[in-house]
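**Q** Once you've had a glance at the structure underneath, I'll fire off some questions.
The values are calculated or read from the model by the stated rules, or taken from the named source; none is laboratory data. Note that the structure is predicted; figures quoted are calculated from it, not measured. Virtual Cβ from ideal backbone geometry, glycine too; neighbours counted across all protein chains shown.
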Amino acid sequence: MTLGTDEEPSPAAVLPWAEGSGWRVIGDWTLAGMAPRLHQLRGELRSVSAAGGWDLSSLTALDSAGALLLVRSWGGVVPRELRAHARHRELLDALAAQGAPPAHRRQWSRIPGVTALGNWVLAGCSRVAEAVALLGQLCWEVARLVHEPRGFPLREWSATLYKAGFLALPITGLVGLLIGVVLSYLSALQLRLFGAEALIVNLVGLATARELGPLLAAILVAGRSGSAMTAELGVMRLTEELDALRVMGVSPFRRLVLPKVLALGLLMPLVAFWASMWSILGGMLIADLELGLGFRQFLAGLPDAIPVGTYWLSLWKSLVFGVVIGVVACFYGLRVAPNTASLGAETTRSVVVSITMVIVLDALFAVAFRDVGWHG
Amino acid sequence: MADTVIGLTGIVTRFGERVVHDGIDLAVRRGEVLALVGGSGSGKTTLLREMIGLLRPAAGRVTAFDRDLQALRGTELASLRRRWGVLFQHGALFSALSIADNVAFPLREARVFTASEVAHLVARKLAQVGLPDTAAELLPAALSGGMVKRAALARALALEPELLLLDEPTAGLDPVASEQFVRLIRALRGALGLTVVLVTHDLDTIRDLCDRVAVLADGRLAALGSLEEVTAVDHPFIREYFWGTRGARRVMG
């Protein structure tokens, strides 16, 4: 390390003091002066006995790093026989009076497993309670909205529709198309084995419209917009913007959370439908290329393959997904503690939790509505 | 010139169309306390950032410790940067680290101290700026504005800088804390021969602490000199700033 390069500091050193049984300290006892040979200096200081006199009067410079080294080698006490400049002495006295801080002791529990489990359960319970409170507040805001519709933050709502919905169309379309291609290609190979080529319409149509479209859209929107919402609310909390809203008599729930949740609830079914359309297009392309099933034939088979009930199911499902993503994103955004590490942690949690919840809900939907949307 | 710590020659700064500095020459002498004074938006903080190479002026030359800041790269620049400590306007403490860890950060980065030496130095620095032990383990968000300033100063002082740059150090401090702050800087200067550049609006601080005052107005250096010399200059901004009712009371007092 090079410190202080334009004026070479005179090297710091400890020499035996000719006049008595003491030690003479010379040179530049500053961080810059000591840095190149700090380790040796420590060793030299350790090898000399603290007893006896110390002459510091020919020191060229002393800063608290140098003083620290000396005071520590003296065992935290300034020796009685000390020659030093008044201001050097002042520094040494101050450091000696300071004393070494007590080593930071970590509290170890005797039953670490039990404590950890207890903390985990308690944290989980309080998180559930907070989530319930947020939902309650949200219901209250919705009720107030019905009562007094003019207070609705329309601009915020439409901005969310644009940012989370419209701007997500290219990526959801592309992913939908590719999934359709993959699905159709793999099933085409299998169906041909059984000579059941015509069933590709049912397979691709049903899978994409009922499951893959809503799920893909939800996962993409959670990753794209859920994280952004958490970060946005989190930073607003860090910078006290939420408090500023509150003191102006504007409820952050009504102004920020409600429009986000409602916008996601509206745009998720649309985005899901959009993704399904592209998947079916992808499937249709492959069916044509691989199985020689023309577009006209494919489209003619679709109404039979996907009854309208399936569409209704996936639209309602998507609405629930959107609301869940919005609530989870806002919940974690409002939980951000005022530091940067927490912002990252809560954003991560928001995305992980919303995607997990979407998949869990999807499974529940699949079981609960197993009789809905089929022919026969 | 060996006694110039920071040299600015012909500094021009533009933000888009707006010209903030239009040819500023300024030399900070070793061991002095220089105050940068100017109205809001006159580019005081910008000039401070240019002095330490955080911002590159559109034209002009910046030297620090007789090195051309624009020409320096890599390790040379890093070692130069260890020679100054900066107190940012809002503290700029690392929000995810405790106060003690914030102050310890540069000490640990220097990689010359043992863990217990770091702890000892941190305790010393915190005591020096008047922070209680109880504050050491808190996160910056739990501290008041004044305490954040002190903690940030402790961090700026951690590596024993030769040059200290302070951006509005006493703004938001109560009079007692400002007084302590002025005394602390004066003491440090006596002990270490510290050079200090500070941006401030506080006329008390200027009067009690500063050797020279540089007044920025209309993108130029309107005046440079001791407080008496500067206040004697006939310039509309200076008249208003130092000779308004509040200013006059402070300057004369």
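**Q** Can you name the condition, by its number, that B:V182 falls short on among (1) within 14 Å of chain A (Cβ to nearest Cβ); (2) over 19 Å from A:L68 (Cβ atoms); (3) without any contact (Cβ under 8 Å) to a residue 40 or more places away in the chain?
**A** The one condition B:V182 does not meet is (1).
**Q** Would you mention how many residues in region A:21-53 are within 14 Å of chain B (Cβ to nearest Cβ), assigned to a loop (DSSP other than H, G, I, E, B) and either in contact with a Ser or Thr (Cβ under 7 Å, 6 or more places away or on another chain) or among the aliphatic types (A, V, I, L, M) (or both)?
**A** Number satisfying all stated conditions: 0.
**Q** Go through B:A104, B:A141 for me and flag whichever is outside any loop (DSSP other than H, G, I, E, B), within 8 Å of chain A (Cβ to nearest Cβ) and farther than 18 Å from A:L91 by Cβ.
**A** B:A141
**Q** While we're here: Of the residues A:L69, A:L56, A:L122, A:L117, only one is surrounded by 10 or more Cβ atoms within 10 Å (Cβ to Cβ), away from chain B (no Cβ under 11 Å) and either touching a Lys or Arg at 6+ places or on another chain (Cβ under 7 Å) or in contact (Cβ under 8 Å) with a residue 12 or more places away in the chain (or both); which?
**A** A:L56
**Q** While we're on this one: Looking only at region A:172-198, which residues are surrounded by fewer than 16 Cβ atoms within 10 Å (Cβ to Cβ) and closer than 19 Å to A:G223 by Cβ?
**A** If the condition is that a residue be surrounded by fewer than 16 Cβ atoms within 10 Å (Cβ to Cβ) and closer than 19 Å to A:G223 by Cβ, then A:L174, A:L178 are the ones that fit.
**Q** For the condition part of a loop (DSSP other than H, G, I, E, B) and either within 14 Å of chain A (Cβ to nearest Cβ) or not aliphatic (A, V, I, L, M) (or both), what is the one hit in B:L164, B:L159?
**A** Result of the check over B:L164, B:L159: B:L159.
**Q** Evaluate region A:321-331: report whether one residue or more is closer than 27 Å to A:P170 by Cβ, among the aromatic types (F, W, Y) and modelled with pLDDT of 90 or more.
**A** yes
**Q** In region A:54-82, which residues are in a loop (DSSP other than H, G, I, E, B) and not β-branched (V, I, T)?
**A** Selection gives A:L56, A:S57, A:S58, A:D63, A:W74, A:G75, A:G76, A:P79, A:R80, A:E81.
**Q** Mind listing just one residue for me: the one in region A:286-295 that is modelled with pLDDT of 90 or more and surrounded by fewer than 19 Cβ atoms within 10 Å (Cβ to Cβ) and, of those, nearest to A:T208 (Cα to Cα)?
**A** Among them, the one singled out is A:D288.
**Q** Now for a separate question. Looking only at residues that are of a type in the set (A, V, I, L, M) and either modelled with pLDDT under 85 or under 18 Å from B:A223 (Cβ atoms) (or both) in region B:6-18, which one is nearest to the chain's Cα centre (by Cα)?
**A** B:L8
**Q** Name, by its number, the condition in (1) within 10 Å of chain A (Cβ to nearest Cβ); (2) surrounded by fewer than 18 Cβ atoms within 10 Å (Cβ to Cβ); (3) farther than 21 Å from B:P169 by Cα that does not hold for B:L80.
**A** Answer for B:L80: the failing condition is (2).
**Q** Continuing with the same structure: So if I check each of A:E156, A:E141, A:E130, which one is away from chain B (no Cβ under 14 Å), in contact with a Lys or Arg (Cβ under 6 Å, 6 or more places away or on another chain), within 30 Å of A:S227 (Cβ to Cβ) and assigned to a helix (DSSP H, G or I)?
**A** Being away from chain B (no Cβ under 14 Å), in contact with a Lys or Arg (Cβ under 6 Å, 6 or more places away or on another chain), within 30 Å of A:S227 (Cβ to Cβ) and assigned to a helix (DSSP H, G or I) holds for just one of A:E156, A:E141, A:E130, which is A:E141.
**Q** Here is a further query. If I filter region B:108-115 for residues that are of a type in the set (S, T, N, Q) and out of contact with any helix residue (DSSP H, G or I) (no Cβ under 8 Å at 6 or more places or on another chain), do I get at least one hit?
**A** Yes, that holds for at least one residue.
**Q** From the list A:M248, A:M277, A:M284, A:M268, which residue is over 18 Å from A:L178 (Cα atoms), more than 24 Å from the chain's Cα centre (by Cα) and aliphatic (A, V, I, L, M)?
**A** A:M248
**Q** How many of the residues making up region B:53-77 are outside any loop (DSSP other than H, G, I, E, B), of a type in the set (D, E) and facing chain A (nearest Cβ under 9 Å)?
**A** Number satisfying all stated conditions: 1.
**Q** Pull up region B:107-134, narrow it to residues that are of a type in the set (S, T, Y) and part of a helix (DSSP H, G or I), then point me to the one that is farthest from the other protein chains (Cβ to nearest Cβ).
**A** Filtering region B:107-134 for residues that are of a type in the set (S, T, Y) and part of a helix (DSSP H, G or I), the one farthest from the other protein chains (Cβ to nearest Cβ) comes out as B:T134.
**Q** Do the conditions hold for B:G85, that is, is it within 13 Å of chain A (Cβ to nearest Cβ), closer than 30 Å to B:A223 by Cβ and in a strand (DSSP E or B)?
**A** When the stated conditions are applied, B:G85 passes them.
Conditions (1) of a type in the set (D, E); (2) closer than 26 Å to A:L319 by Cα; (3) surrounded by fewer than 22 Cβ atoms within 10 Å (Cβ to Cβ), marked per residue:
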{"site": "A:P214", "(1), (2), (3)": "no, yes, no"}
{"site": "A:A217", "(1), (2), (3)": "no, yes, no"}
{"site": "A:S227", "(1), (2), (3)": "no, yes, yes"}
{"site": "A:E240", "(1), (2), (3)": "yes, no, yes"}
{"site": "A:R246", "(1), (2), (3)": "no, no, yes"}
{"site": "A:L264", "(1), (2), (3)": "no, yes, no"}
{"site": "A:L270", "(1), (2), (3)": "no, yes, yes"}
{"site": "A:M284", "(1), (2), (3)": "no, no, no"}
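**Q** Follow-up question, since we're still on this one. For region B:28-50, check the following and say yes or no: at least one residue is outside any strand (DSSP E or B), in contact with a Phe, Trp or Tyr (Cβ under 7 Å, 6 or more places away or on another chain), at pLDDT below 90 and not β-branched (V, I, T).
**A** yes
**Q** Before we move on, is A:L95 touching an Asp or Glu at 6+ places or on another chain (Cβ under 9 Å), within 14 Å of chain B (Cβ to nearest Cβ) and within 30 Å of B:A187 (Cβ to Cβ)?
**A** No, not satisfied.
**Q** Out of the residues in region A:134-166 meeting the condition of being among the aliphatic types (A, V, I, L, M) and farther than 16 Å from A:A329 by Cβ, tell me which one is surrounded by the most Cβ atoms within 10 Å (Cβ to Cβ).
**A** A:L145
**Q** Let me spell it out: the conditions are (1) under 15 Å from the mean Cα position of the chain (by Cα); (2) closer than 30 Å to A:D28 by Cα, and B:R183 meets all of them except one. Which number is the exception?
**A** Checking B:R183 against (1) under 15 Å from the mean Cα position of the chain (by Cα); (2) closer than 30 Å to A:D28 by Cα, the one that fails is (1).
**Q** Take the residues in region A:296-320 that are polar (S, T, N, Q) and modelled with pLDDT of 90 or more, then tell me which one is nearest to the chain's Cα centre (by Cα).
**A** Only one residue tops the list, namely A:S318.
**Q** How many residues are part of a loop (DSSP other than H, G, I, E, B) and either facing chain A (nearest Cβ under 9 Å) or at pLDDT 85 or above (or both) when one looks only at region B:91-101?
**A** The qualifying residues number 7.
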